[in-house]
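Participant: One structure, as structure tokens, below. Some questions next.
The values are calculated or read from the model by the stated rules, or taken from the named source; none is laboratory data. Fair warning: this is a prediction, and the values are worked out from it, not measured in the lab. Here the Cβ positions follow ideal geometry from the backbone for every residue, glycine too, while neighbour counts run over all protein chains shown. For the accessible areas, the whole protein counts, side chains as well, though only heavy atoms, and no ligand, DNA or RNA atoms are used. Shrake-Rupley method; radii C 1.70, N 1.55, O 1.52, S 1.80 Å.
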Amino acid sequence: MKKRLSIAFVIIIIISIVFCGVFTTLSYRQSYFADAERNLEKNSHYIMNYLLPAFMETGNSENLSNFADSTELRLTVIDTSGEVIYESVQGLDAIENHKSRPEIIGALEGKPTSEIRYSKTIKDQMIYFAAPYYNNNNLEAVLRIALPLNAMDDAMFQMIENLVFIILVSILATILLVAYFINRELKPLDDASIFARKIASGKYGEKLTMIREDKVGELVESLNQMSSQLNDSFTEMDKKNDELTSILSSMNHGVIAIDNENHIIHLNEAARKVLKIPLNQKVIGKNILEIYRESFIFELMLHLENEENPKMSFESRINGNQFLRIYINRIVENNNIAKGHIIVLEDITFIKSLEKMRRDFIANVSHELKTPITSIKGFIETIQENNIKDEKTLKRFYGIISEESDRLSRLVNDILVLSHLENKGGLNEKSESLDLNREISQIFDILKLSAEAKGMTLKLDSKEQIVHTFNPDEFRQMMINLIDNAIKYSEINQSVLVKISQDKEEIKIDVKDHGYGIPEKDVSRIFERFYRVDKSRSKEKGGTGLGLAIVKHIIYNNHGSIEVNSIPGTGTVFTVHLPKIRD
């Protein structure tokens, strides 16, 4: 724009200057001619008044010649017949009659006449002035004065040279001044253009400082307002996008946004995790079928083709053992035109496993309760129907009924304890500072009879007094279950060792037996409800199948952990880790 304006202004100004120069030259030429005519007329008056009368009377042309030489004018005197009676230019050949010359014709008619024409005699362009000479009111001759135009041409050429120099200097000065003023006037527009490009490139919030009261100032003020408004709008948009991204990233549910052509618009980390898509894999803009081609996607496509329901959901299985509940919502704009879908993936694998555990628990509880109840009912019916009177038989039957009742009581009690632990986080919220060595010794006293019945010894290995804050009932329940199991599942005449140690971070309790051991395939499941490694042996030992489940929940409620190391035929070690500082 600046270049075009500069060229346009320069061309206009050059044309104007040239036009002015030409006009000046022509005006000067016309003025020169007019001045020359006036001078010739004045000279003619002088000659006719002072020089020509003497020449006409005496024929002496000396004065005329002297005047012609001094003024460098050509003087010619012609009689009324057109014959030349005097010519100031010497050496001319025979001069023809001048009666047909335009200026002579006018003079013979009594009118002073001027003419510019080519002289055949002198062979040059001349300006002529012819005036009639009267003597006693009689026309006697014509005085013609001529001036060669080459004399005027020299002056014209000099003037033109000066004029060309002035024009060139003027053009150069004009170019410099135009460039300066255009740069000065257009610089604000350049600054505004650069500022607008910055806004277009995303650099919002900046402002252009320019104090002007013209249209450029109004433009700058409008750009500043636009920049401020865009900055506010995009800041708010970025804030909302960041909030949305944070929300979507922190969601446990996978979220996928796709357009009508099934191209991915957004995919959060949870969705990548569910679909096992690497974080560094670029998926935005790609068709979802290119990214994931398991059967689940084809099932999803069938639901997406359903245009009747804007919202729908279904359940599906992926990756073999993972369950998903999929929610589909249509993306609709203000004109009710669908632009795509939002797909929410909820991983319900854990819920499904809980449902299975609940079903298994109900089935196991029913089975475990049914066994002693059936046994009790059977023996009571046997006594009643057969009217048994034998004391020995009745005593044996009553003993079995008592054992099954105790077993039923233990089972119900363990179920209640486990329910409390799961629902309330413990048997009660009371915690005390416990001397663990003393607590273990008291538990040994409780289980002493059970151990002596198998010829076993209970040993405590502790190098120092260890105190820990714990719910006393929970701690006793935990250790009784572990030590009682160690007694039940150990060979006779063996020992059970309880070792307590600590460091800066935790307290560790090991319960070691020399029993049957646990097969490796069963180690990971022994803390499940009603799970028994050897069901027949467990029932013989009077176990309910809930003891280790109770132990696990007590430890987890106190932010601890438990691990098992077992060698079949050698023995098992249960290691409890209790942190000294609970998060």
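Participant: What is the Å³ per residue value for the convex hull set by the Cα atoms of region 427-579?
Facilitator: On the way: hull volume 16.7 nm³, N = 153.
Here the figure is 109 Å³ per residue.
Participant: So, one more: Taking a probe of 1.4 Å, how large is the accessible area per residue of region 1-148, in Å²?
Facilitator: Ligands and nucleic acids excluded, the result is 58 Å² per residue.
Participant: Per residue, how much accessible area does region 427-579 have with a 1.4 Å probe, in Å²?
Facilitator: Using a 1.4 Å probe on heavy atoms only, each residue of region 427-579 averages 50 Å².
Participant: Can you give the Rg/Rh ratio of region 1-148, where Rg is from the C-alpha atoms and Rh is the Kirkwood radius?
Facilitator: Numbers: Rg = 21.6 Å, Rh = 17.4 Å.
Rg/Rh for region 1-148 comes to 1.24.
Participant: Per residue of region 478-486, what does 6.51 cos²θ - 1.76 cosθ + 1.60 with θ = phi - 60° give for ³J(HN,Hα)? Whole Hz please, x for Gly and Pro, Karplus curve as stated.
Facilitator: 4, 6, 4, 4, 5, 5, 4, 4, 4
Participant: Now, a different point. Applying a 10 Å radius around every beta-carbon, put 235-247, 104-116 in order of their mean neighbour count, most first.
Facilitator: Result, highest mean first: 104-116, 235-247.
Participant: Counting only protein heavy atoms, what percent of the accessible surface of region 38-140 is carbon or sulfur at a 1.4 Å probe?
Facilitator: Whole-percent figure for carbon plus sulfur exposure: 44.
Participant: Heavy atoms only, probe 1.4 Å: what % of the accessible area of region 427-579 goes to carbon and sulfur, would you let me know?
Facilitator: On the way: 3480 of 7610 Å².
With neighbouring chains kept in place, the figure for region 427-579 is 46 percent.
Participant: Would you please state the base-10 log of I(q)/I(0) at q = 0.10, 0.13, 0.21 1/Å for region 217-315, with intensities from the Debye formula using one equal scatterer on every alpha carbon?
Facilitator: Per q value, in the given order, log10 I(q)/I(0) is -0.44, -0.62, -1.15.
Participant: What order do you get for 258-271, 344-357 when each peptide is scored by the mean count of other beta carbon atoms within 10 Å, highest first?
Facilitator: Numbers: 258-271: 17.3, 344-357: 14.6.
Top to bottom by mean Cβ count within 10 Å: 258-271, 344-357.
Participant: Another question, if that's okay. Students sometimes get this wrong: rank 22, 77 by accessible area, probe 1.4 Å, all chains present, largest first.
Facilitator: 22, 77
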